[in-house]
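**Q** Dropping the structure in here first, questions after.
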Amino acid sequence: WLEKLSRRDPLQHDAKLQYVRRRQLEIHGLLTQSGQFVMPDSASLELRQAPEECQLECAPVYRAPLPGGSGAPGVLYLEQALSGGSADTPERLTAWCVHNAWPGRHMQAAAASCLAGTLVRRVNHSSSQQVGWSLYAEQLMHELGFFPEPEYALYRLLERLRRSLLAVLDIEMHVHGMAAAGALLQLQALPGQSAEEAARDLLSLTRHPTQHLAGVLAWKQLETLRQWQSDRGDLPPADFHALLLAQGSIAMPLVIRRVFGAQAWAWVEAQLYNQ
């Protein structure tokens, strides 16, 4: 399956952008019907092709909607294919939509845009929470049974393996002093990972220390909080997610304590850290 996935014909240029625009609208419709979210208008997101001279080395370029509900959409740029990297197959582009558009990065920003300019959200802005929400969104899409095709399932598992390794390397490099060369060797050994992609991941590790580890922790905090809320049974999934998304990208421990209470945080903390 890995060899089959690598041989898929990639989408090019305008076809790639058209596919992503169509796919993100399909995902928006699926989520609207799922009852899991109160969905913002699909017009709140504008997708553009990144200019050729724009080098998106570690993350897609994204401009969030303006605070205050002014109606100005968020803008997400589809990066150029990485030279020597994995092909832009439908599976890869679908995962890109989930992570960055709906229900990932843009949905988090759009749902909180009316409060995004407040002092507390500017002071406590957490990039790790953005990463954590996107990982949580990917997991939720899997649990809801969307995109069951074997090719997509394989791509999702490969990405999970990659992110798990990045979280481990965060500790090894920034706590235990692993050399960059050793980290690069481990990244290059990942199934389906090209040398160019491994180098980009290493650059991300050095430029954003602890972000990969903190993102995985935020994802697990979100999952554990959802389990706590589900056991209580007093809040439908759409209301639970709306309450979470309204907080924006404030760090999860602060959100749990402030919005759900000290008892909720104590339960989440015990489940994650006292095992």
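**Q** Would you mind finding the one in 166, 154 that is at pLDDT 95 or above and over 24 Å from residue 266 (Cβ atoms)?
**A** 166
**Q** Still on this structure, please answer the following. Would you mind finding the one in 232, 207, 226 that is surrounded by fewer than 16 Cβ atoms within 10 Å (Cβ to Cβ), under 19 Å from the mean Cα position of the chain (by Cα) and of a type in the set (D, E, K, R)?
**A** After applying the criteria, what remains is 207.
**Q** Under 7 Å by Cβ, and 6 or more places apart or on different chains, what pairs join a residue from region 77-100 that is aliphatic (A, V, I, L, M) with one that is at pLDDT below 70?
**A** 87/8
**Q** Okay, next question. Has region 154-176 got any residue that is over 15 Å from residue 216 (Cα atoms) and assigned to a loop (DSSP other than H, G, I, E, B)?
**A** Checked against the condition, which is being over 15 Å from residue 216 (Cα atoms) and assigned to a loop (DSSP other than H, G, I, E, B), region 154-176 yields at least one hit.
**Q** A further question on this structure: For residues in region 235-256 being in a loop (DSSP other than H, G, I, E, B) and over 20 Å from the mean Cα position of the chain (by Cα), which is nearest to residue 36 (Cα to Cα)?
**A** Looking at the filtered set, the residue picked out is 236.
**Q** So which pairs qualify, if the first residue must be in region 156-180 and more than 12 Å from residue 205 (Cβ to Cβ) and in contact (Cβ under 8 Å) with a residue 12 or more places away in the chain, the second must be small (Gly, Ala, Ser) and not in a helix (DSSP H, G or I), the Cβ gap must be under 7 Å, and the two must be at least 6 apart or on different chains?
**A** Close Cβ pairs (under 7 Å, with a partner that is small (Gly, Ala, Ser) and not in a helix (DSSP H, G or I)) amount to 158/192.
**Q** Restricting to region 160-191, what's the tally of residues that are closer than 16 Å to residue 211 by Cβ and not β-branched (Val, Ile, Thr)?
**A** Residues that pass the stated criteria total 13.
**Q** If you go through region 43-86, how many residues are touching a helix residue (DSSP H, G or I) at 6+ places or on another chain (Cβ under 7 Å), more than 14 Å from residue 109 (Cβ to Cβ) and modelled with pLDDT of 90 or more?
**A** 1
**Q** Would you confirm, using the coordinates I've provided, whether residue 257 is modelled with pLDDT under 95, of a type in the set (Lys, Arg) and more than 17 Å from residue 111 (Cβ to Cβ)?
**A** So residue 257 does not fit the description; no.
**Q** Taking the condition of being at positive phi, surrounded by 15 or more Cβ atoms within 10 Å (Cβ to Cβ) and out of contact with any Leu (no Cβ under 7 Å at 6 or more places or on another chain), how many residues in region 247-275 meet it?
**A** Count: 0.
**Q** Output the residues belonging to region 186-199 that are out of contact with any Ser or Thr (no Cβ under 8 Å at 6 or more places or on another chain) and either over 16 Å from residue 161 (Cα atoms) or exposed (fewer than 12 other Cβ atoms within 10 Å of the Cβ) (or both).
**A** Correct list: 189, 191, 195, 199.
**Q** Considering only residues that are closer than 15 Å to residue 73 by Cα, in contact (Cβ under 8 Å) with a residue 40 or more places away in the chain and part of a loop (DSSP other than H, G, I, E, B), which ones fall in region 27-51?
**A** Correct list: 39, 40.
**Q** Only one of these conditions is not met by residue 141: (1) at negative phi; (2) outside any helix (DSSP H, G or I); (3) surrounded by 14 or more Cβ atoms within 10 Å (Cβ to Cβ). Which number is it?
**A** (2)
The values are calculated or read from the model by the stated rules, or taken from the named source; none is laboratory data. Not measured: the values here are computed from a predicted model. Because the Cβ atoms are built from the backbone with ideal geometry, glycine has one as well, and the counts that use them run over all protein chains shown.
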